[in-house]
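The values are calculated or read from the model by the stated rules, or taken from the named source; none is laboratory data. All figures in this text were calculated on a predicted structure; none of them were measured in a lab. FYI the Cβ positions are ideal-geometry reconstructions off the backbone, even for glycines, and counts take in every protein chain you see. Just the protein is used for accessible areas: all its heavy atoms, side chains included, with ligands, DNA and RNA removed. Shrake-Rupley method; radii C 1.70, N 1.55, O 1.52, S 1.80 Å.
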Protein chains: 2
Amino acid sequence: MPNIKLVIEYDGSAFHGWQTQPGEVRTIQGELHRVLETVLREKIKVVQASGRTDAGVHAKAQVVAFKVEEQPDLLRLTHSVSSLFKGELSVVSAEIVPDSFHPIRDAERKQYSYRILNRAAPAVLKKGQVWHISEPLNVELMNREAKSLIGVHDFTSFMAAGCEALSTVKEIFESEVVRDGDIVIYRVVGKGFLKQMVRIIVGTLVDISRARIVGHTMREIVELKDRKAAGITAPAHGLSLDFVLYR
Amino acid sequence: MPNIKLVIEYDGSAFHGWQTQPGEVRTIQGELHRVLETVLREKIKVVQASGRTDAGVHAKAQVVAFKVEEQPDLLRLTHSVSSLFKGELSVVSAEIVPDSFHPIRDAERKQYSYRILNRAAPAVLKKGQVWHISEPLNVELMNREAKSLIGVHDFTSFMAAGCEALSTVKEIFESEVVRDGDIVIYRVVGKGFLKQMVRIIVGTLVDISRARIVGHTMREIVELKDRKAAGITAPAHGLSLDFVLYR
């Protein structure tokens with residue numbers, strides 16, 4: 001059975017997250033499954049992604065894979081799927097991969113970025129893709145604190161309830177905060193993340209900058225292994241999965 | 001009478017262009033006039049912009065000005081106007097300017113940028129703000145042709161019917177095409193532009209790259225002084241007014 005890998009872009013606001021849910025809830029996994037079966041005219045067992053994205057989270061290049069009976073025309077598949085999603089999801093590329101390829105297990109690096117619009121005026125052209133914070137943020141402080149997360153740590157303090165991860169220990173390869181005009185961007189690279197981990201990191205960095213958390217550095221919050229020590233969970237719509245690298 | 005200058009951002013897709021029109025048509029000038037009168041509780045004569053934008057064209061930083069009887073609280077004005085526009089228009093800044101300030105006459109430099117999404121997959125996250133072209137564009141050729149427009153020229157070939165400009169001669173200070181990943185950006189700086197001039201320049205650059213125009217360079221098309229010598233008019237939604245500089 002040919003194993004197909006797709007790179008997809010989606011607008012998180014159009015779906016209730018990645019994972020298929022019972023009932024009428026419109027999820028990316030559910031809709032993609034349905035559309036692929038329509039286009040390919042065959043039953044597909046399961047469409048797997050490099051990882052779930054929460055409701056509202058965007059993806060520039062999520063990686064998914066599924067098995068089919070017969071090798072399809074990839075160009076036709078790409079166009080048909082994008083066209084049926086009417087601008088809510090697009091297939092950026094499609095390829096046949098070895099049977100052994102698994103989008104979660106084989107992922108080596110994932111980059112997420114979180115965008116904050118940091119100015120008095122609310123968002124217009126970036127609306128739905130940024131978290132609006134009027135109060136000027138201390139990007140230098142946030143970047144210093146963000147960088148202190150690089151390495152292997154137990155991220156229990158930055159994990160939402162209901163996380164199904166086998167281990168709370170994760171390795172962070174890159175973690176930085178930069179300013180691009182009135183946009184403040186948090187960029188993080190890791191092999192995998194706990195539930196809402198990136199959003200809680202961003203919320204905590206913002207709370208440190210706004211002095212709503214005082215007396216604790218990010219590293220101290222990590223060491224406390226307590227969700228209550230960290231800050232708020234930043235809203236989903238500022239977050240985007242940028243890319244997934246495979247070995 | 002205090003003269004107020006606002007810098008505003010707007011989503012062109014929400015309006016039928018800048019200029020007030022008779023009837024029910026929702027324009028930026030018309031809506032801003034109405035909202036300002038509501039917020040300030042006084043009649044305003046006219047709200048003038050640095051220039052009109054066509055229906056669908058966005059602005060990151062359009063400059064407008066209007067006169068009022070009494071000096072308003074600028075912070076309150078800014079917040080109230082943005083809030084009434086619910087994410088379709090935002091006031092980025094507000095200030096009192098000398099009585100003599102005129103947003104069109106005093107504009108020294110205006111930058112527009114035009115964005116093309118140049119990949120097979122249709123737009124998702126940049127939807128409504130890019131022109132989607134699947135065919136790979138020759139950015140090097142387009143940039144060379146774009147740069148040849150720098151200087152003082154008669155832009156009759158790049159002017160839409162119905163233009164009310166006093167002269168078809170315009171000076172271009174900067175004109176370039178660059179690639180940023182799968183986005184191809186045309187950036188142009190001038191003192192003023194003819195009707196749909198930037199969109200016709202972009203359409204012509206694309207037509208040259210796609211070999212739909214052959215045997216003529218941009219400079220030769222300029223010299224022909226004939227709209228028919230130039231290419232198509234690129235769609236409005238890829239265009240954005242980036243900033244206006246004043247002396």
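For the stretch B:49-73, how many residues are within 12 Å of chain A (Cβ to nearest Cβ) and open to solvent by 40 Å² or more (accessible area, probe 1.4 Å)?
1
Output the qualifying pairs, or none if there are none: Cβ atoms under 6 angstrom, residues six or more apart or on different chains, first residue in the stretch B:223-242 and in contact (Cβ under 8 Å) with a residue 12 or more places away in the chain, second residue open to solvent by 40 Å² or more (accessible area, probe 1.4 Å) and outside any loop (DSSP other than H, G, I, E, B).
Filtered contacts from the stretch B:223-242: B:Gly238/B:Arg115; B:Ser240/B:Lys60; B:Asp242/B:Lys60.
Filter the stretch A:214-233 for residues that are of a type in the set (A, V, I, L, M) and out of contact with any Leu (no Cβ under 9 Å at 6 or more places or on another chain); which is modelled with the lowest pLDDT?
Of the stretch A:214-233, the ones of a type in the set (A, V, I, L, M) are A:214, A:218, A:221-222, A:224, A:229-230, A:232.
Those left that are additionally out of contact with any Leu (no Cβ under 9 Å at 6 or more places or on another chain): A:214, A:221, A:224, A:229, A:232.
Numbers: A:Val214: 91, A:Ile221: 98, A:Leu224: 97, A:Ala229: 97, A:Ile232: 97.
Ranking the candidates gives A:Val214 first.
The conditions are (1) farther than 27 Å from A:Thr78 by Cβ; (2) surrounded by fewer than 20 Cβ atoms within 10 Å (Cβ to Cβ); (3) touching a helix residue (DSSP H, G or I) at 6+ places or on another chain (Cβ under 8 Å); (4) within 13 Å of chain A (Cβ to nearest Cβ), and B:Ser148 fails exactly one of them. Which is it?
(4)
Mind checking which residues of the stretch A:59-75 are within 19 Å of B:Val124 (Cα to Cα) and over 20 Å from the mean Cα position of the chain (by Cα)?
Scanning the stretch A:59-75 gives a single hit, A:Leu75.
Just one of (1) over 18 Å from B:Ser82 (Cβ atoms); (2) touching a residue at least 40 places away in the same chain (Cβ under 8 Å) trips up B:Gly23, so point out which.
Only one criterion is unmet by B:Gly23, namely (2).
With the structure loaded, tell me whether B:Ala211 is within 18 Å of the chain's Cα centre (by Cα) and either modelled with pLDDT of 95 or more or open to solvent by 30 Å² or more (accessible area, probe 1.4 Å) (or both) or whether it fails that test.
Working: within 18 Å of the chain's Cα centre (by Cα): no; either modelled with pLDDT of 95 or more or open to solvent by 30 Å² or more (accessible area, probe 1.4 Å) (or both): yes.
No; evaluated as a whole, the condition is false for this residue.
Could you list, in sequence order, the residues of the stretch B:31-48 that are open to solvent by 40 Å² or more (accessible area, probe 1.4 Å) and touching a residue at least 40 places away in the same chain (Cβ under 8 Å)?
Passing the criteria: B:Thr38, B:Gln48.
Table: residues versus (1) touching a Pro at 6+ places or on another chain (Cβ under 9 Å); (2) within 14 Å of chain B (Cβ to nearest Cβ).
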{"site": "A:Arg41", "(1), (2)": "no, no"}
{"site": "A:Ile44", "(1), (2)": "no, no"}
{"site": "A:Val47", "(1), (2)": "no, no"}
{"site": "A:Ser82", "(1), (2)": "yes, yes"}
{"site": "A:Glu88", "(1), (2)": "no, yes"}
{"site": "A:Ala107", "(1), (2)": "no, no"}
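Looking for whichever is under 24 Å from A:Pro235 (Cα atoms) and modelled with pLDDT under 95 here; the options are A:Val25, A:Val57. Which one fits?
Of the residues listed, the single one that is under 24 Å from A:Pro235 (Cα atoms) and modelled with pLDDT under 95 is A:Val25.
When the residues of the stretch A:171-193 are filtered to those that are crowded, with 20+ Cβ neighbours inside 10 Å and without any contact (Cβ under 8 Å) to a residue 40 or more places away in the chain, which remaining residue is farthest from A:Pro136 (Cα to Cα)?
Across the stretch A:171-193, the extreme among qualifying residues is A:Ile172.
Filter the stretch A:159-170 for residues that are touching a residue at least 12 places away in the same chain (Cβ under 8 Å) and outside any strand (DSSP E or B); which is most open to solvent (accessible area, probe 1.4 Å)?
By that ranking, first place goes to A:Glu164.
Yes or no: A:Glu95 among the acidic types (Asp, Glu), closer than 30 Å to A:Asp73 by Cα and surrounded by fewer than 18 Cβ atoms within 10 Å (Cβ to Cβ)?
Yes: the conditions hold for A:Glu95.
Run B:Pro122 past the list (1) open to solvent by less than 60 Å² (accessible area, probe 1.4 Å); (2) under 23 Å from the mean Cα position of the chain (by Cα) and report the number of the one that doesn't hold.
Failing condition for B:Pro122: (2).
Output the number of residues of the stretch B:1-39 satisfying the condition of being away from chain A (no Cβ under 14 Å), out of contact with any Gly (no Cβ under 8 Å at 6 or more places or on another chain) and among the small types (Gly, Ala, Ser).
2
Give the residues of the stretch B:112-158 that are assigned to a loop (DSSP other than H, G, I, E, B), among the basic types (Lys, Arg) and in contact (Cβ under 8 Å) with a residue 40 or more places away in the chain, sorted by residue number.
B:Arg119, B:Lys126
Among the residues of the stretch B:125-134, what is the count of those that are open to solvent by 40 Å² or more (accessible area, probe 1.4 Å) and at the interface with another protein chain (Cβ under 9 Å from one of its Cβ atoms)? Working first, answer last.
Restricting attention to the stretch B:125-134, the residues satisfying the condition of being open to solvent by 40 Å² or more (accessible area, probe 1.4 Å) are B:126-127, B:129, B:132, B:134.
Filter once more, so that each one left must be at the interface with another protein chain (Cβ under 9 Å from one of its Cβ atoms): B:127, B:129.
Final tally of qualifying residues: 2.
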